[in-house]
Amino acid sequence: PILEIHDSDEDVWVLGQSCAMLRFLAHRYRRFGSNEKERARIDAILEHVRDIQLKWFRAKRRPARDSNLISYLSCVAGGQEHMVSDKLQFLKNDLSKLLIALENALPPNNPLPWIIGLEPSLADVAIYHLLATPELTTEPQLTASFFDGDRDYVRTALARAPRLRACVHAFAMLPSIR
């Protein structure tokens with residue numbers, strides 16, 4: 001993706017790379033923390049989210065290793081076993097553990113629902129993007145588009161991470177998101 005930035009009629013420039021664009025916009029619109037401590041914490045949350053994303057991508061690509069599982073999945077998934085086993089393992093077990101680790105890394109005394117500070121920050125955007133997309137209804141529903149639509153697994157994992165869940169729901173209720 002490319003972001004075209006108009007600083008003035010004469011000063012138009014282009015920025016590539018989605019993470020760079022997100023950080024630029026967060027700085028420009030004061031969503032990257034109000035002090036050095038908040039900025040460092042937001043950055044740490046972004047790295048946690050990136051770790052979860054990378055582990056998900058690896059799980060989706062890794063071939064199955066258990067021969068019994070391969071045989072079973074061949075029958076049920078029509079030969080898609082190499083894509084199913086580690087993906088399912090990630091969704092059933094790893095995602096909950098990773099979200100609990102992320103939840104434990106959050107600043108302990110920040111008022112709900114936001115992760116850092118008193119208003120939405122880039123950390124909230126990253127968590128929302130990872131865990132939810134509201135459906136077009138009056139109440140936000142988790143669709144878990146990042147995790148290939150496996151929303152039941154995401155809901156189960158989020159049940160064990162109340163601060164993350166509160167953030168996702170509050171972010172989904174923002175008028176500009178709905």
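Do the conditions hold for residue 98, that is, is it modelled with pLDDT of 90 or more and open to solvent by less than 40 Å² (accessible area, probe 1.4 Å)? Considered against the rule, which asks whether it is modelled with pLDDT of 90 or more and open to solvent by less than 40 Å² (accessible area, probe 1.4 Å), residue 98 comes out as yes. For region 30-51, a residue qualifies if it is in contact (Cβ under 8 Å) with a residue 60 or more places away in the chain and either within 11 Å of residue 107 (Cβ to Cβ) or part of a loop (DSSP other than H, G, I, E, B) (or both), and the qualifying residues are 31, 32, 33, 34, 38, 41, 42, 44, 45.
Answer yes or no: is there a residue in region 15-27 that is more than 22 Å from the chain's Cα centre (by Cα), of a type outside the set (Lys, Arg) and over 27 Å from residue 109 (Cα atoms). Yes, region 15-27 contains a residue that is more than 22 Å from the chain's Cα centre (by Cα), of a type outside the set (Lys, Arg) and over 27 Å from residue 109 (Cα atoms).
Counting the residues of region 35-72 that are open to solvent by 50 Å² or more (accessible area, probe 1.4 Å), small (Gly, Ala, Ser) and at pLDDT below 85 gives 2.
Show the residue pairs that are 6+ apart or on different chains and have beta-carbon atoms under 9 Å apart, the first residue being within region 94-105 and within 13 Å of residue 51 (Cα to Cα) and free of Cβ contacts under 8 Å to residues at least 12 places away in the same chain, the second being among the hydrophobic types (A, V, I, L, M, F, W, C) and buried (at least 19 other Cβ atoms within 10 Å of the Cβ). The qualifying pairs are 97/157.
For region 1-29, residues that are of a type outside the set (A, V, I, L, M, F, W, C) and assigned to a helix (DSSP H, G or I) total 4. Filtered by the rule that a residue be surrounded by 22 or more Cβ atoms within 10 Å (Cβ to Cβ), within 15 Å of the chain's Cα centre (by Cα) and among the hydrophobic types (A, V, I, L, M, F, W, C), region 103-129 gives 115, 122, 123, 126, 127. Residues considered: 160, 178. Of these, the only one that is modelled with pLDDT under 85, among the basic types (Lys, Arg) and open to solvent by 10 Å² or more (accessible area, probe 1.4 Å) is 178.
The values are calculated or read from the model by the stated rules, or taken from the named source; none is laboratory data. All of these numbers come straight from a predicted model, not from anything done at the bench. Cβ coordinates were reconstructed from backbone atoms using ideal geometry, including for glycine residues, and neighbour counts include every protein chain displayed. Heavy atoms of the whole protein, side chains included, go into the accessibility calculation; ligands, DNA and RNA do not. Shrake-Rupley method; radii C 1.70, N 1.55, O 1.52, S 1.80 Å.
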